[in-house]
1. Is it fair to say ASP30 is surrounded by fewer than 17 Cβ atoms within 10 Å (Cβ to Cβ) and within 21 Å of GLY146 (Cα to Cα)?
2. With GLY41, GLY2 as the choices, which residue is more than 15 Å from the chain's Cα centre (by Cα), under 22 Å from ARG121 (Cβ atoms), surrounded by fewer than 21 Cβ atoms within 10 Å (Cβ to Cβ) and at pLDDT below 95?
3. Restricting attention to region 86-141, and to residues there that are of a type in the set (S, T, N, Q) and part of a strand (DSSP E or B), which single residue is farthest from ILE33 (Cα to Cα)?
4. Just to be sure, is ASP77 under 23 Å from PHE13 (Cα atoms) and either surrounded by fewer than 17 Cβ atoms within 10 Å (Cβ to Cβ) or not basic (Lys, Arg) (or both)?
5. It is to be established whether one or more residues within region 99-110 are surrounded by 14 or more Cβ atoms within 10 Å (Cβ to Cβ), among the charged types (D, E, K, R) and modelled with pLDDT of 95 or more.
6. Between residues in region 11-23 that are outside any strand (DSSP E or B) and residues that are of a type outside the set (D, E, K, R), which pairs lie under 9 Å by C-beta distance while being six or more apart or on different chains?
7. Restricting the search to region 31-61, which residues are closer than 24 Å to LEU135 by Cβ and without any contact (Cβ under 8 Å) to a residue 60 or more places away in the chain?
8. In this structure, is LEU158 farther than 21 Å from VAL38 by Cα, in a strand (DSSP E or B) and modelled with pLDDT of 95 or more?
Amino acid sequence: MGGTKPPTTGFNFIDHTCCGGVVLDKLSADANIALIEVVKGRRPQWLLPKGHVESGEPYEAAARREVSEETGIPVRDVQILAYLGKIDYSFPPVPRYELHRKTVHFYLMLAHSTNLSITSRTRQEGIANANWYSLDAAKEVVRYDGNREIIERAELILEQLLSKRDVLDPPA
């Protein structure tokens, strides 16, 4: 029988560092956020845009690049407003003696252009669609609790940003 034997020392750990964002279409209490639809398994999954950090790349730059690649919003039109924190998780791919550990850093971002588009390259990576969702709807459709928690953090930070803006710029 062919195949690779598992290591005698146990799991091989493979670490990944990724960055992504909660992208707002406007700086407003009724803002929408961009989600991507990833086709994995039997049913599509809606997720926050994110991806791997390239060697030597600053996290903020990686987050802006990945959001741009996965949503079609030009990098120059993606503004970082705040760091939202990170989520950690692991998953065992095939072969099962490897354990992938992933850390994803998320940023609250503002899109200065709101046209979302998917390219043939992103389709090859399993991304079928990108769409704007209200914050409440996004929390309902995202696949993973970690994404939901990051969206909730984004809501809190957005409320803080808006209250500061109201103090600095009171309505006329």
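1. Values: surrounded by fewer than 17 Cβ atoms within 10 Å (Cβ to Cβ): yes; within 21 Å of GLY146 (Cα to Cα): no.
Here the answer is no, as ASP30 does not meet what is asked.
2. Details: GLY2 fails: under 22 Å from ARG121 (Cβ atoms).
Just a single option satisfies the conditions, and that option is GLY41.
3. Going residue by residue through region 86-141, those that are of a type in the set (S, T, N, Q) are 90, 103, 113-115, 117, 119-120, 122, 124, 129, 131, 134.
From what is left, the residues that are part of a strand (DSSP E or B) are 90, 103, 129, 131, 134.
On the way: SER90: 26, THR103: 22, ASN129: 14, ASN131: 8, SER134: 6 Å.
Filtering region 86-141 for residues that are of a type in the set (S, T, N, Q) and part of a strand (DSSP E or B), the one farthest from ILE33 (Cα to Cα) comes out as SER90.
4. Numbers: under 23 Å from PHE13 (Cα atoms): no; either surrounded by fewer than 17 Cβ atoms within 10 Å (Cβ to Cβ) or not basic (Lys, Arg) (or both): yes.
Here the answer is no, as ASP77 does not meet what is asked.
5. Checked region 99-110: no residue is surrounded by 14 or more Cβ atoms within 10 Å (Cβ to Cβ), among the charged types (D, E, K, R) and modelled with pLDDT of 95 or more.
6. PHE11/PRO92; PHE11/TYR97; PHE11/LEU99
7. ARG43, LYS50, GLY51, TYR59, GLU60, listed by residue number.
8. The answer is no for LEU158.
The values are calculated or read from the model by the stated rules, or taken from the named source; none is laboratory data. If you're wondering where the values come from, they're calculated on a predicted model, not measured in any experiment. When we count neighbours, we look across all protein chains shown, and the Cβ atoms used for this are built from the backbone with ideal geometry, even at glycine.
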